[in-house]
Amino acid sequence: MDIERILKEMTLEDKIALCSGASFWETKRFERYGIPALFMCDGPHGLRKQEDAADMLGVNNSRPATCFPAEVTTAGWDPALLEQIGAAIGEEAREQDVGLVLGPGANLKRNPLCGRNFEYFSEDPYLAGKLAAGFIRGLEAQGVGTSLKHFAANSQELDRFTSDSILDGRT
């Protein structure tokens, strides 16, 4: 695919349309440019593929998939283990026609009250980065993309869609 050529041919409206989806979990297909739709799934503890009615709360049925331990329980000093978990999730993603897994969660644990601490590896940035990299290597080796989720300063669940994380310079 000649990406440079496609970008030159695309209208501004088409480029903007790339930023919105065909559905909650699927990107738009652009046949004119040879761009297929991409199905995304929540992760990283296993796929949560909602093929029917999907929503932000995740209360609808998902396809069966392996449930792996939460990141907090895999946060030893073993990136190879995370690479194996990523590879296994990548295999299932390919089987379910998923092109992108939303994960891993690489946010640092800054607040013990954070409702998503179970999704993060560590409060240590070096360890969190090494483990996330292992997971990403394993998953992407299966031909499935990844997207870091909750990359920084996602430290609360209450009003999480409207909260504002203000950080000082050191952070």
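In table form, for the structure just shown:
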| item | result |
| --- | --- |
| Packing rank of 158-166, 121-129, 109-117, where each peptide gets the mean count of other beta carbons within 10 Å, highest leading | 121-129, 109-117, 158-166 |
| Given charges at beta-carbon only (K, R positive; D, E negative), |dipole| of the stretch 1-110 in Debye | 280 |
| Heavy-atom accessible area per residue - the chain, 1.4 Å, Å² | 60 |
| Virtual spin-label span in nm between Ile3 and Ser23, 7 Å along Cα→Cβ | 2.7 |
| Dipole in debye (nearest 20) - the stretch 68-171, about Cα centre, beta carbon charges: Lys, Arg +1; Asp, Glu -1 | 280 |
| Helix axis angle, 125-140 relative to the chain longest principal axis, alpha carbon, degrees | 40 |
| Fully extended contour minus Cα-Cα distance, from Thr66 to Ile166, at 0.36 nm per residue | 32.3 nm |
| Exceeding the 25 Å Cα-Cα cut-off - candidates Lys15/Lys149; Lys8/Lys49; Lys28/Lys49; Lys8/Lys28; Lys28/Lys130; Lys109/Lys149 | Lys8/Lys49; Lys28/Lys130 |
| Shape metrics for the chain, restricted to C-alpha atoms - Rg then Dmax, Å | 17.4, 50 |
| Protein accessible area in the chain, 1.4 Å probe - carbon and sulfur % | 54 |
| FRET efficiency for Phe30 and Ala152, using Cβ-Cβ distance with R0 set to 41 Å, rounded to 0.05 | 0.85 |
| Distant-in-sequence amide H partners of Phe68 (H built 1.01 Å from N, under 5 Å) | Gly46 |
| Helix-only [θ]222 nm of the chain, DSSP H runs n ≥ 4, -39500 (n - 2.57) each, per residue, nearest 500 | -8500 deg cm²/dmol |
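The values are calculated or read from the model by the stated rules, or taken from the named source; none is laboratory data. Remember, predicted model here, so these are calculated numbers, not experimental data. Cβ atoms come from the backbone with ideal geometry, glycine included; neighbour counts cover every protein chain shown. These accessible areas exclude ligands, DNA and RNA; they are computed on the full protein's heavy atoms, side chains included. Shrake-Rupley method; radii C 1.70, N 1.55, O 1.52, S 1.80 Å.
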